[in-house]
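Notes follow once the structure below has been shown.
The values are calculated or read from the model by the stated rules, or taken from the named source; none is laboratory data. Predicted model only: the values in this text are computed from it and were never measured. Glycine gets a Cβ as well: all are built from the backbone with ideal geometry, and neighbour counts include every protein chain shown.
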Amino acid sequence: MNIMTKQIVIATLIILAAATANIAFLVGRGGMPGAPGGPTGVVPPPPPPISPPPVNVQETGFGKFASEEEFKAYVEAGQAMSASYIGGLGLTSMRSAGVGVAVDALSGAPTPLAAPAPSFTGGTGGAEVSPGRVSETNVQVLGIDEPDIVKTDGKDIYFSTENYYYGRPVPMGGVELMAPGFLPPDYAQADTKVIRAFPPAELAERARIERNGELLLGGNRLIVFSGNVIYGYDVSDSAAPKEAWKMELEDNTWIETSRSFNGKIYLVVRSGLRYDNPCPLPVMTIRGASISIPCVEIYRPASVMPVDVTYTAFVVNPTTGAVENRVSFVGASGSSIIYMSKSALYVTYPHEADIFSVTYGFFNEKGRDLFPAALFEKLDKLAGYDLSQQTKLMELQILFEKYVYSSDGDERLRIENELGNRAADYFKTHRRDLAATQIVKIGIDDFAVKGSGTVPGTLLNQFSLDEYEGYLRTAVTVGGSGTIFAGSVESANDVYVLDEKMAVVGSVLDLGLTERIYSARFVGPRGYLVTFRQTDPFYVLDLSDPRKPAMKGELKIPGFSSYLHPVTDTLVLGVGQEGSQVKLSLFDVSSAENPKEVSKYILKEYWSEVASNHRAFLLDDKHQVFFLPAGQNGYVFSYKNNTLSLTRAVSNVQAKRAIYLDNYLYVIGEDRIVALDEATWKEVKSLSLRD
């Protein structure tokens, strides 16, 4: 039997793997064991079936494991499911550039970041002069702070530096050489600097904390997320920070995300599964006391899915570091997304396609006229058996191999071409069956599971989710590279609306065919979506009626936007790329049906951190300007009169962030801080951060 014959033998699965019958799959170069011209031998029996264990599923579709044995059986069933995926491929995460914006979580209106920084508890003390305006970190939901490398309380700036400075002297054989881009460990400056910032004339370094990482600040507590250790510092006297508590994560546990809200820290960690001895799962140590999670406290979805980690969400008291509440759930590393509103914490789980079900569906719908009825009688029986999909796939392979081997070359050629042509139509109709995302809702008030729902496709990042007036809106990509059938299925993009019980009540389908989502932003009753392949379709969605959402307007322009920020009620800023340069676009969305690019600016930089980190962006609506770092420089742009113009450039600062205090803008770089007067845009003072 030649290689073409062997390709045709399993064309049914090949089609679903790569939309072609010309790629060999599952069958190797040797003929079928025992077949004429092939190696002799006995076909090995399929592995024993692994059935999903029972679970005490609540109305939410989520339940806790009843025992350690059930936990192990669930994990084993998920592993068997993963093993049967075509080519060993699983669902790939499509996380990319973060898309952030300060938006009121209740009204959805863009809000100036000028409120005092949120506090955990108490005040900062002192009687120093205080600014009238204090910027905050650019976050997804106004009032829910996110960790970042820069925080301010209006008096001091807390800046967590990178691991080294460019161009510092490196001693080599008694001679100091400049080595930009590399320094040995002895010269690493991994610390958090405390800088007196207001008034700007007093700009000076006050203290250093010998830890670096992302920061949260509130009241008299500075939280430093440093590797797998979390530190709480008392900064009542910012000139002399003192360690108040320390939380050490276990070696197999990592920080996934954190938030601060209403005087509490919400921390989510990810722990790798210990397959030999899964429970209790050690997670962290606080003040010498270990916290472990028993199996019976861990939630799981009703249906079996491949899992390799356990997520645990904690409510932490920032003053003492004490854990006040917690909830744990299984998930998949690198592909779960976490979003927090003022009422709930949402956690997503990817669902990869059941390959057997997709294959069986293809034959049942498109292939009954190509094969004898007797073959389908056996296939129908196989579909009804309580076996793992891996076992069913092996049996399906054997069934079709036997038929194809008995056919002549003309018939095999006919089947090959028919299946190839019919696959395209099948995928177009069923691309939403190839991957799905389950979303679990956990109430903030009691940390209990409130519900779960499922949408087709895969999410980009946390900004693909948004809660508004009790409804959850989500943007997904279906087909394309986000599925196990990468390269086979034409991609499309959908928006779904779920109610409080996590049931889908509305949808907008088939946006940006052949493209994928590059950025998403939900703002009150509106939604903005950017998809990209060769041009940048900018979509405006009307979500005012959650049960009848609609796409209202579309604009196609060169390049793409990976960050969307509503700067006014009628203007949306897009930060992205055109060719190899940073592109800024100002969209007029006063008419949802007719969005316009009213201004465009090409920045002579290859990249801006804003493209992948929304926290690097700053909007100052009082002066109608915004800041973004790009390359080694910092840029201040004006959007007055619906026109983008470069107001001020600050060069060679290794710019990372900017904040404003009163009417002064501070550009913060790895090597120095520059304070600018926003009335004249002249430098008031600068501070070197080098030793």
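State whether the residues of the stretch 591-610 include one that is surrounded by 24 or more Cβ atoms within 10 Å (Cβ to Cβ), within 26 Å of the chain's Cα centre (by Cα) and outside any strand (DSSP E or B). Looking through the stretch 591-610, at least one residue is surrounded by 24 or more Cβ atoms within 10 Å (Cβ to Cβ), within 26 Å of the chain's Cα centre (by Cα) and outside any strand (DSSP E or B). Do the conditions hold for residue 619, that is, is it assigned to a strand (DSSP E or B), in contact (Cβ under 8 Å) with a residue 60 or more places away in the chain, closer than 27 Å to residue 558 by Cβ and under 30 Å from the mean Cα position of the chain (by Cα)? Answer is yes for this residue.
Could we say that residue 159 is out of contact with any helix residue (DSSP H, G or I) (no Cβ under 7 Å at 6 or more places or on another chain), under 23 Å from residue 263 (Cβ atoms), modelled with pLDDT of 50 or more and aromatic (Phe, Trp, Tyr) here? Steps first, please.
Numbers: out of contact with any helix residue (DSSP H, G or I) (no Cβ under 7 Å at 6 or more places or on another chain): yes; under 23 Å from residue 263 (Cβ atoms): no; modelled with pLDDT of 50 or more: yes; aromatic (Phe, Trp, Tyr): yes.
Taking the combined requirement at face value, the residue does not satisfy it.
Which of the residues belonging to the stretch 655-691 are among the β-branched types (Val, Ile, Thr) and surrounded by 19 or more Cβ atoms within 10 Å (Cβ to Cβ)?
If we filter the stretch 655-691 for residues that are among the β-branched types (Val, Ile, Thr), which is where we start, we get 659, 667-668, 673-674, 680, 684.
Correct list: 659, 667, 668, 673, 674.
Considered as a group, the residues in the stretch 509-546 that are in a strand (DSSP E or B) and more than 23 Å from residue 571 (Cβ to Cβ) include one that is modelled with the lowest pLDDT, and that residue is 516. In the stretch 207-233, of all residues being more than 12 Å from residue 149 (Cα to Cα) and among the β-branched types (Val, Ile, Thr), the one that is surrounded by the most Cβ atoms within 10 Å (Cβ to Cβ) corresponds to 230. When each of 353, 373 is tested for being out of contact with any strand residue (DSSP E or B) (no Cβ under 8 Å at 6 or more places or on another chain), of a type in the set (Gly, Ala, Ser) and surrounded by fewer than 23 Cβ atoms within 10 Å (Cβ to Cβ), the lone residue that passes is 373. Among the residues of the stretch 647-691, those identified as under 24 Å from residue 129 (Cβ atoms) and acidic (Asp, Glu) are 662, 677, 678, 683. Whether a residue is of a type in the set (S, T, N, Q), in a strand (DSSP E or B) and under 27 Å from residue 161 (Cβ atoms) was assessed, and residue 686 passes this test.
So which residues in the stretch 625-647 are without any contact (Cβ under 8 Å) to a residue 40 or more places away in the chain, under 20 Å from residue 598 (Cβ atoms) and either part of a loop (DSSP other than H, G, I, E, B) or charged (D, E, K, R) (or both)? If the condition is that a residue be without any contact (Cβ under 8 Å) to a residue 40 or more places away in the chain, under 20 Å from residue 598 (Cβ atoms) and either part of a loop (DSSP other than H, G, I, E, B) or charged (D, E, K, R) (or both), then 640 is the only one that fits. In the stretch 351-366 there is no residue that is assigned to a strand (DSSP E or B) and within 30 Å of residue 245 (Cα to Cα). Among the residues of the stretch 648-680, the ones that are of a type in the set (D, E, K, R), in a strand (DSSP E or B) and either out of contact with any Lys or Arg (no Cβ under 9 Å at 6 or more places or on another chain) or closer than 19 Å to residue 610 by Cβ (or both) come to 4 in all.
Among the listed residues 584, 564, identify the single one that is of a type in the set (A, V, I, L, M, F, W, C), in contact (Cβ under 8 Å) with a residue 60 or more places away in the chain, within 21 Å of residue 473 (Cα to Cα) and not in a loop (DSSP other than H, G, I, E, B).
Details: 584 fails: within 21 Å of residue 473 (Cα to Cα).
The unique qualifying residue is 564.
Within the stretch 342-358, the set of residues being touching a Leu at 6+ places or on another chain (Cβ under 7 Å) and among the hydrophobic types (A, V, I, L, M, F, W, C) comprises 353, 355, 356, 358.
Taking the stretch 332-350 as the range and being under 16 Å from the mean Cα position of the chain (by Cα) and either outside any loop (DSSP other than H, G, I, E, B) or among the basic types (Lys, Arg) (or both) as the test, the residues that pass are 338, 339, 340, 345, 346, 347, 348, 349, 350.
Out of the stretch 244-280, which residues are closer than 15 Å to residue 328 by Cβ, of a type in the set (Asp, Glu) and either touching a His at 6+ places or on another chain (Cβ under 6 Å) or surrounded by fewer than 19 Cβ atoms within 10 Å (Cβ to Cβ) (or both)? Hit for the stretch 244-280 is 250, nothing else.
Confirm whether residue 320 is buried (at least 19 other Cβ atoms within 10 Å of the Cβ), at pLDDT 90 or above and out of contact with any helix residue (DSSP H, G or I) (no Cβ under 7 Å at 6 or more places or on another chain). Here the answer is no, as residue 320 does not meet what is asked.
Could you list, ordered by first residue, the pairs with Cβ atoms under 6 Å in which the first is in the stretch 439-458 and of a type in the set (Phe, Trp, Tyr) and the second is crowded, with 20+ Cβ neighbours inside 10 Å, at least 6 apart or interchain? Close Cβ pairs satisfying both conditions: 447/327. Out of the residues in the stretch 391-408 meeting the condition of being without any contact (Cβ under 8 Å) to a residue 60 or more places away in the chain, of a type outside the set (Phe, Trp, Tyr) and in a helix (DSSP H, G or I), tell me which one is nearest to residue 478 (Cα to Cα). Ranking the candidates gives 392 first. Scanning the stretch 265-289 for residues that are of a type in the set (Gly, Ala, Ser), part of a strand (DSSP E or B) and under 20 Å from residue 243 (Cβ atoms) yields a count of 1.
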